[in-house]
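Beneath this line is the structure, given in structure tokens, with notes to follow.
The values are calculated or read from the model by the stated rules, or taken from the named source; none is laboratory data. These figures come from a predicted structure and were not determined experimentally. FYI the Cβ positions are ideal-geometry reconstructions off the backbone, even for glycines, and counts take in every protein chain you see. Ligands, DNA and RNA are excluded from the accessible area calculation, which covers all protein heavy atoms including side chains. Shrake-Rupley method; radii C 1.70, N 1.55, O 1.52, S 1.80 Å.
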Amino acid sequence: MRHLLVPLDGSGFGESALRLAGAVAARTGRDLELVTVNTPATHSDISPRLAAEIEATCGVRARTYLESQAEEVRHRFGIAVRTAVLDGEVSSAVVTHVRTSPPDLIVMSTHGRSGPSRFFLGSVADRLLRELHCPFILVRPATGFARGELPDAARVLVPLDGSPLAESVIDQVAGLCRSDSVELRLLRIVAPAEVFPIGAPMPLPPSQPNLMEARLAAAKAYLERTASRLRDAGWRVEHEVVVGWSPAAEVLRVAEEHRCDLIAIATRGRDGVQRLLLGSVADKVIRGATAPVLAVNPTPGAFSLMLGDRLETASSAEEVGEAAGAGPRPELCRSL
């Protein structure tokens, strides 16, 4: 495998991802690359010569900063660490660098900003996750993982919605962890009733106990089939189906209840006003989780190689609902 990448911005928030990245690199035998971005000084009142001098000075400071961080990681974890100072707008520079030299994993912190402030201010982590298809581990500062505390037997929560895109994150877990060091917990969330658009000119349908029982049975059967294939491949797997109106809240609740060390989730990368208004399960999980989140924006048509061909009846829960006239079910990992 290639290497792990940690983008830094000179803040303590950004550096909180270093210990986790170093621990993962040491455990998996990978190198580590630290990058920061030197944004050019441009202003109408600054002459080109002065701007060049400022940029050169900032570049020296950036290289010194990165090397000091790299030396600390080398000393702590005994791994190879290289550094790179990029030029340009932060997100664009990192995206270009990643596409030129693709890492196996990007590890970075998230400040947990949400709502209108996030929409207007933007977020480097958000944009990178929307534009790139490599896996990320996003960690909030001051958590156990941010301090580099990797358990010997990690508990990994994997929310699934029955789609190949959601299942593809399982392969990312396998790429980071040995099957004998991880317990997977597969989670499927079933809404109490189908969700109608806001302002729809019709009342909610009456309760249909038989339909609900069928949907729960189909969801359980899907998880059992998925777990069976993973166990055949040597993984320890538990699974559960829960009923709830808010998938993100249920994911966070289950993660806390079972003291999961990592949440692994796929996202499709929807953005803009639609994202602000509709929200996103993956986005809310990333913002609210105390445990790190392994997130990946899968390419179209992605699926889990570990599971082989898509489970033939993976969407049976949806088919049950649609055949009964309940409409399509809300997807768990629809967007970020």
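What the table shows:
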item: In Hz, Karplus ³J(HN,Hα) per residue of segment 168-174 (6.51, -1.76, 1.60; θ = phi - 60°; x = Gly, Pro); result: 5, 5, 4, 5, 5, 4, 5
item: Nonlocal amide H pairs with Asp31, under 5 Å, H built at 1.01 Å; result: Leu4
item: Net lengthening on full extension, Arg27/Arg259 (0.36 nm per residue, minus Cα-Cα); result: 81.4 nm
item: Residues whose placed amide H lies under 5 Å from that of Thr83, excluding near-sequence neighbours; result: Leu34
item: Placed amide H near Cys260: partners under 5 Å, 5+ positions off or other chain; result: none
item: In sequence order, calculated HN-Hα J values of segment 210-225 (Karplus, 6.51, -1.76, 1.60; Hz; x Gly/Pro); result: 5, 5, 4, 4, 5, 5, 5, 5, 5, 5, 5, 4, 4, 5, 5, 5
item: Area of Phe77 that stays accessible when all protein chains are in place (1.4 Å probe, Å², to 10); result: 50
item: Sites Glu240 and His133 - FRET efficiency at Förster radius 35 Å, r taken between beta-carbons, to 0.05; result: 0.75
